[in-house]
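Notes follow the structure.
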Amino acid sequence: MIFESPAFARSLIDWQRLHGRRDLPWQGMPDAYRVWLSEIMLQQTRVTVVLPLFPRFVARFPDVRTLAAAPVEAVLALWAGMGYYARARNLHLCARRIVTDHAGDFPRTAAELAALPGIGRSTAAAIAAFVSHERAAILDGNVKRVLCRYFAIEGAPVGAVEKMLWKQAESLLPAASDMPVYTQGLMDLGATLCTRRAPRCANCPLAADCLALRQNRVESLPAPKTRIKGPRRVARFLIVSDGEHVFLQRRPMTGVWGGLYALPEDAALLPRLGLADHFPLSLPPRVHVFTHFRLEIHPLLYRVEKMPVTNDATLECLSITDALESGIPAPVARLLREIALPAAGMEKRVKLMPRTGKNP
């Protein structure tokens, strides 16, 4: 069932013009490249995380041709801090497709945009609404929450409920001339007022007609998705470091952290570094949660006075400072900061102990 609400779009538009966000670095110009870039960065990432990274990224890659011509490793390095690195790989692939298939010009319609790598239906609609004023509906997590509360829609917003929400979102669209401010208003409302926890209903422009508020069900809508606990995986990270440098390996382009530098995990590397007969220092294990599984990390620190010389082409010896700037996964970055000298509890270099000794 689709609900009618003539006041929905107008109330939202009026509110956005008075109270919405208008000073974000990707706003103020219908530049398809910057709009696209910001929308991909903001997927599953908070605005506060993207704000300092967006200008740095644009300074290095000012247009789609520059981005397409760059090596993917350079893109991944500047993506550090935003996670979900598949987005960066798709961003690079999409830039190349735009250059090769579209002569460097962004498609103007949501349907054409959605055919490109990494651009889903909602993201395509947002880009088309901002750049071309196309009457295309967005439906990210924030918008689902707004609609479920406003219309008191039952059920988790997946499957049949999600299909109905798409139709509902399409029924609410204003005139094409108002699409940019309306789309931004939906984003702003879900991000700043109609939040998952502690929503600010007293300031909401839709409060007068919000069924969830009227029924005192704001906290319970939308219904939560059924969560299935993901499997647990275990990894042993080998940290060979003198406190200033560390060995890293480039991961394969596919899979977890594809294309990023990370700590090696294969113990077969140790003999090639002259470390086969030495005990490591076991650092406290930690857990990193991905969307579909939990990674239990067991770091093993091989503290050396001088970095070993190796001909192993898979290993790169980097300064910890350079490593932290080269695009590495967040848990790896935290580990490197822990073992960097000087650091609390690790001011002195620890000589490697032979296996006949005790684990230091």
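A few notes on this one:
- Loop-resident trypsin sites (Lys or Arg not before Pro) (DSSP state other than H, G, I, E or B) in the range 170-257 with no more than 16 further Cβ atoms inside 10 Å of their Cβ: Arg196, Arg197, Arg200, Arg217, Lys225, Arg227, Lys229.
- Estimated vicinal HN-Hα couplings, Hz - the range 148-161 in sequence order (Karplus 6.51, -1.76, 1.60; Gly, Pro = x): 4, 6, 4, 9, 6, 7, 7, x, 5, x, 9, x, 5, 5
- Taking only Cα atoms of the chain, radius of gyration then Dmax in Å: 24.6, 79
- Relative contact order for the range 232-354: 36 percent, from Cα pairs under 8 Å spaced at least 6 residues apart, divided by residue count.
- Lysine pairs in the chain with Cα atoms under 25 Å, if 8 or more residues apart or on separate chains: 10
- Alpha carbon centroid spacing (whole Å) that separates the range 207-246 from the range 123-176: 22 Å
- Spin-label zone in the range 120-150 - amide nitrogen under 13 Å from a point set 7 Å from the Cα of Gln215 along the C-beta vector: 148-150
- Judged by the mean number of other Cβ atoms found within 10 Å, the most tightly packed of the peptides 323-330, 275-282, 101-108, 307-314 leads the ranking 323-330, 275-282, 101-108, 307-314.
- Over the chain, dividing the summed -39,500 (n - 2.57) contributions of all DSSP H runs of at least 4 residues by the number of residues returns a 222 nm mean residue ellipticity of -12000 deg cm²/dmol.
- A viscosity of 0.692 mPa s and a temperature of 37 °C, combined with the Kirkwood radius over C-alpha pairs in the Stokes-Einstein formula, give the range 232-354 a diffusion coefficient of 222 µm²/s.
- Entry note, the chain: relative contact order of 17 percent, from Cα contacts under 8 Å with a spacing of 6+ residues.
Read the figures in this text as sums done on the coordinates, not as results from a lab. All values reported here derive from a predicted model rather than from experimental measurement. As a convention, Cβ positions derive from the backbone with ideal geometry for all residues, glycine included, and neighbour counts pool all protein chains shown.
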